[in-house]
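Have a look at the structure below before the remarks.
The values are calculated or read from the model by the stated rules, or taken from the named source; none is laboratory data. Note that the coordinates shown come from a computational prediction; the quantities given were computed from them, not determined experimentally. As a convention, Cβ positions derive from the backbone with ideal geometry for all residues, glycine included, and neighbour counts pool all protein chains shown.
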C-alpha cells in the first residue's frame with residue numbers, strides 16, 4: 001500500500017512488471033529447492049524402506065522421486081519461458097541469449113551454459129530414472145527401492161549444486177536492455193541436436209549404475225539385474241553413440257579444420273563411458289549365458305558412471321584445456337568430491353560383496369565366445385586406459401611441475417593396434433560358438449577371411465602400401481562379411497524349414513536382439529571404413545587465387561569466381577564463390593559486430609559417397625584475391641551412414657522386444673508392494 | 001520468497017507423494033474390527 005500511495009502511476013506499473021520478472025526467478029528457484037527436499041527425502045526413505053522391506057514406504061519413496069522429476073520439469077519450463085520471453089533480469093538469460101539470436105537458438109540456450117546444462121542433466125535423469133522405476137516391478141521391491149534411493153541420491157547432489165553453487169535463476173541487480181548472446185560457434189543448427197543428445201547420454205549412465213549398485217546392496221548378484229540394467233545401458237549406449245556421431249558431424253561442418261575428431265578432452269570423456277558400456281553389453285551376455293564374469297559386469301557398469309562423473313568434473317572445472325569452454329566456475333570441487341564419494345562407494349560395495357560374486361561355472365577354453373568377449377573387454381579397457389592417461393596428463397604433469405600435453409599422434413599410435421585387434425575379433429567373435437570351438441568354427445570363418453583377403457589384394461593392387469589402412473579396411477570388410485554371412489545363414493535355414501522369406505523375416509524379428517546387434521556391427525564396419533579412408537587418404541592444399549583462377553586437388557578442379565559481402569540479422573558475412581563442375585560452393589567468414597567483432601568460418605562442403613570436397617575461406621586480400629584451404633576427404637559420408645545404421649540396429653533390435661521373465665527372489669515382501 | 005514458493009510446491013506435491021499412506025488402511029483400526 002505504501003508503495004502504491006507514494007509512487008507515481010507509471011512507476012507502479014514498472015514495479016509490477018519488475019515483480020513479474022522476478023516472480024519467474026522465484027518460481028524456478030522454488031521448484032529447485034522443493035526438488036532438493038523431495039530428492040533427499042526420496043533417497044533416505046527409499047534406502048530405509050528397502051532395508052526394512054516396508055512396502056508402503058517404498059512406494060512413498062518412489063513417488064517422491066517422481067515428484068522430484070516433476071519439480072525439475074517445472075524448473076525447466078520456467079527457465080525456457082524466461083529465455084523465450086527475453087527476461088534479462090535473470091543472469092543466465094543475459095549471459096546466454098540476446099534479442100537478435102534466432103528464437104530456436106534462444107530456446108537451445110537452455111543447455112548452452114553451465115547452469116542450464118546441469119538442470120538439463122538432472123531433468124533427463126529424473127525422466128529416465130522414473131521410467132526405469134516404472135518398469136522395475138519384476139525386480140522385486142527391495143532392489144527397486146535401493147535403485148530409487150541411488151538415483152535420488154545422485155539427483156540430490158545435482159540439486160545441491162543447482163541450488164547453492166550454480167543456479168540458473170540468479171537475478172541481476174540491474175536488468176540490462178539486451179543480453180550478451182550465445183557464443184557464435186554455437187549459433188548453428190547442430191546446437192539443436194548434438195548437445196541435448198550427448199548430455200542426455202551422460203545423464204542416462206546413472207540409471208544402469210544405480211540398478212547395479214542396488215543389486216549389490218540387496219545381495220542380488222544373479223543375472224536378473226542384468227536384463228533390466230542392459231535395457232537402460234542400451235538406452236545410454238544408443239544416446240551416447242548418437243551424441244558422439246552428431247558431435248563429429250557438427251565439428252566437421254562447423255569448426256573448419258577438415259576433420260571430425262581431435263582427441264579433445266571433451267571428446268575423450270564422452271568416448272570413455274561409451275567404450276566401458278560397449279564392453280558391458282558384450283560381457284553381460286557371458287553372465288546371462290554362462291553365469292560368469294559377475295564382478296566384472298558390476299565393475300563395468302560402475303566404471304562407465306564413474307567415467308561420466310570424472311568427465312563432467314574435467315570439462316566443467318576447466319582444469320584441463322579444451323576447445324569446449326565452459327566458464328571456469330566454483331562447481332569443480334563439488335564434482336571432485338562427488339567423484340571421490342562415488343569411487344569409494346563403488347569400490348567398497350564391490351569389495352563388500354566380493355564373496356557372492358564368485359562364479360561356480362567351469363572355466364571356458366580360450367577359443368570360445370566367452371574367451372572372445374573377455375579379450376574384447378580387455379582391449380576396450382586398454383583403449384580407456386590410453387585415453388584416460390592422455391586426457392589427465394596435463395593435470396598430472398602440471399602437479400609434477402611441468403605441464404605436458406599429448407596430441408592426436410599419441411592416441412592414434414596407442415589405440416590403433418588395440419582397435420585393430422578388436423576389429424578382427426569383431427569379425428571372428430560372432431562365429432565362435434559358446435564353450436568351445438571346433439571344426440565348424442574354421443569352416444564358417446572362411447567367409448570373413450575371404451572378404452579380408454579380397455579387399456587386401458584390391459588395396460595392394462591399387463598401390464596402398466601403408467600398414468594401418470591395409471589392416472583397418474580389410475578388417476572392417478571382414479566384419480561386414482561375418483554379419484552378411486550370419487543373415488544369409490539364418491534366412492536360408494528358416495526359408496528351407498518352410499514358410500518362405502516372410503516366415504524367415506518373422507523369425508528374424510522374433511530374435512531381434514541378436515540380429516539388431518549384427519546390424520549395429522555392420523554399421524560400425526561402415527563407419528570404420530569411412531574413418532580409415534578419410535583419415536589415411538585425406539588430401540589438403542592451401543592456395544591464394546585471383547578471380548577466374550583454378551586449383552586442382554585429388555582430381556577435383558575448383559574455380560574461384562569472386563567474393564561479396566552479405567548483411568544478416570546478427571552478423572555480416574564475407575562470401576567467396578567457388579565453382580566445382582555445375583555446383584557453386586560458398587565458403588564464408590562471419591563477423592559478429594555485437595560480440596566484439598568475433599569472427600567465425602563457414603565451411604562449404606560438396607558431399608558424395610566417394611569423397612567430400614571441403615573448402616575453407618582463410619582470408620581475402622585488397623587485390624581481390626582470396627586464400628583458401630581445400631580438403632578432399634574420401635568416404636566421410638560413410639561415417640554418418642554407419643552411425644545411422646548403428647542406431648537403427650539398436651532401435652530395431654530392442655523396440656517392442658518382450659521383457660525377460662524374472663524369477664522373484666525376495667519372498668518376504670508385503671502384499672501392498674506392487675499393488676499400485 | 002523462494003522458500004515460500006518451495007513450501008507451496010511441496011504442499012501441492014503432498015497428496016501425490018503420500019497417497020500410498022493415505023490409501024493403506026490403518027493397522028490399528030483393522031485390528032480392532034477383526
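A few comments on the model shown:
- In the stretch A:51-105, the residues that are facing chain B (nearest Cβ under 10 Å) and more than 27 Å from the chain's Cα centre (by Cα): A:55, A:56, A:57, A:58, A:59, A:60, A:61, A:62, A:63, A:64
- Any hit, the stretch A:117-124, residues being over 19 Å from the mean Cα position of the chain (by Cα) and touching a residue at least 40 places away in the same chain (Cβ under 8 Å): no
- Selected residue (criterion: surrounded by the fewest Cβ atoms within 10 Å (Cβ to Cβ)) from residues of the stretch A:596-618 that are over 30 Å from the mean Cα position of the chain (by Cα) and touching a residue at least 24 places away in the same chain (Cβ under 8 Å): A:618
This table checks each residue for (1) within 30 Å of residue A:54 (Cβ to Cβ); (2) surrounded by 21 or more Cβ atoms within 10 Å (Cβ to Cβ); (3) modelled with pLDDT of 90 or more.
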{"site": "A:90", "(1), (2), (3)": "no, yes, yes"}
{"site": "A:97", "(1), (2), (3)": "no, yes, no"}
{"site": "A:107", "(1), (2), (3)": "no, no, yes"}
{"site": "A:128", "(1), (2), (3)": "yes, yes, yes"}
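One line per residue, one yes/no per condition, for (1) more than 21 Å from residue A:144 (Cα to Cα); (2) at pLDDT 95 or above:
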site	(1), (2)
A:7	yes, no
A:18	yes, no
A:26	yes, no
A:33	yes, yes
A:54	no, no
A:65	no, yes
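- Test: residue in the stretch A:352-365 that is farther than 29 Å from residue A:150 by Cβ and surrounded by 15 or more Cβ atoms within 10 Å (Cβ to Cβ): yes
- Between A:525, A:569, A:506, the distinction of being in contact (Cβ under 8 Å) with a residue 60 or more places away in the chain and either under 30 Å from residue A:477 (Cβ atoms) or in a helix (DSSP H, G or I) (or both) belongs to A:525 only.
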